[in-house]
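For reference, the structure discussed in these notes is given below.
The values are calculated or read from the model by the stated rules, or taken from the named source; none is laboratory data. All values derive from a computational prediction rather than experimental measurement. Neighbour counts are summed over all protein chains in view; Cβ atoms, including those assigned to glycine, are modelled from backbone coordinates with ideal geometry. Just the protein is used for accessible areas: all its heavy atoms, side chains included, with ligands, DNA and RNA removed. Shrake-Rupley method; radii C 1.70, N 1.55, O 1.52, S 1.80 Å.
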Amino acid sequence: MSLDIVVVGCGGHGREIADIVRAINAAAPGTPPWRLVGFVDDDPSETNRKRLRSFGAPHLGPVSVLGEVSPTTHVVLGIGDPRIRQLVDRRVRPFGLPSPLLVHPDATVGPDLVSAEGLVVFAGARITTNVTAGRHVHVNQNATVAHDCDLGDFVSVHPMGTVSGDCALETGALVGAGAVVLPGLRIGAGATVGAGACVVRDVPPHTVVKGVPAR
């Protein structure tokens, strides 16, 4: 029997995650594991409403609608910005709905991955060995997380980002598109590594670094 799943967020990131759900269903033998019920969003733009109609999945209403769904319905946070994802989680979590582990069929994940709820691994991403991931971590298209890394809650690694071995990314850290974090480094809570940057030293919490080397 397929399990119901709802995506929180009608923007592009949410629709990309819904595509992962569809890809998982297409690759599964027999009964698809998921039934995409639709999206919730407090105030989607008219553009995103139109895109949802083209996508073929309904806007169910605001986040409060989650109080009316079956308690077995799964919820995935389709929010790209880690800070906003944390804020949305505070509103969604009281409903007590489970969040799934979603791995695109074209991604590679090590068999010893240890993950909390809500991990999303996009197409082409690579997570190797002895990696831990907290709640609602997003590893985007063609990103790499190497051996022995620890990803805190709400971490995002954007497309083509590379996190080398033995790194720690604290809660809400973001590695921008095409950025590289060299081995053994720590990215502090809420810190942002700009797109294309090369990080050669630890990044303090709640700071933004960019460039090569990143400063």
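With protein chains left intact and a 1.4 Å probe, residues in segment 1-86 average 48 Å² of accessible area per residue. Per-residue ellipticity at 222 nm, computed for the chain from helices alone with -39500 (n - 2.57) per DSSP H run of at least four residues, works out to -5500 deg cm²/dmol. Remark: spin-label model distance GLU68-VAL208 equals 4.0 nm, labels positioned 7 Å along the Cα→Cβ axis.
Our coupling estimate for segment 89-94, obtained by passing each phi through the Karplus curve with A = 6.51, B = -1.76, C = 1.60 and θ = phi - 60°, is 4, 4, 7, 7, 4, x Hz, Gly and Pro reported as x. The peptide list 134-143, 102-111, 48-57, 26-35, put in order of mean Cβ contacts within 10 Å with the highest first, becomes 134-143, 102-111, 48-57, 26-35. With respect to the chain, whose longest principal axis is taken over its alpha-carbon atoms, helix 12-27 is tilted by about 70°. Phi-derived couplings, Karplus 6.51 cos²θ - 1.76 cosθ + 1.60 at θ = phi - 60°, listed residue by residue for segment 122-127: 7, 4, x, 6, 10, 10 Hz, with x used for Gly and Pro. Given R0 = 22 Å, the distance between the Cβ atoms of ARG53 and ARG91 translates into a calculated FRET efficiency of 0.30. Taking amide H atoms as placed 1.01 Å from N in the peptide plane, the amide H of THR162 lies under 5 Å from those of THR144, ALA179, VAL180, VAL181, each 5 or more residues away in sequence or on another chain.
The phi-based Karplus calculation (6.51 cos²θ - 1.76 cosθ + 1.60; θ = phi - 60°) puts the 3J(HN,Hα) values of segment 204-211 at x, x, 6, 10, 10, 10, 7, x Hz, whole numbers, x for Gly and Pro. Does segment 61-190 classify as rounded, prolate or oblate by the C-alpha gyration tensor (a ≥ b ≥ c root eigenvalues; a/c under 1.5 gives rounded; else a/b over b/c gives prolate, otherwise oblate)? Note, shape of segment 61-190 comes out prolate.
Remark: the Cα gyration tensor places segment 157-205 in the oblate category, a/c being 1.5 or greater and a/b not exceeding b/c. In this structure segment 120-202 gives 31 Å² per residue of accessible area when probed at 1.4 Å with all protein chains present.
Our summary gives the chain a relative contact order of 12 percent, counting only alpha carbon pairs under 8 angstrom and 6 or more residues apart. Of the solvent-accessible surface of the chain, computed with a 1.4 Å probe and all protein chains present, 55% belongs to carbon and sulfur. Count charges around GLY61 for me, please; just the other residues with Cβ under 10 Å from its Cβ, Lys/Arg as +1, Asp/Glu as -1. After counting each charged neighbour, the total is -3. Inter-part distance, segment 64-93 to segment 173-215, computed on C-alpha centroids, equals 28 Å.
Note on MET1 and ALA195: the model spin-label points, each 7 Å out from Cα along the C-beta direction, lie 4.5 nm apart.
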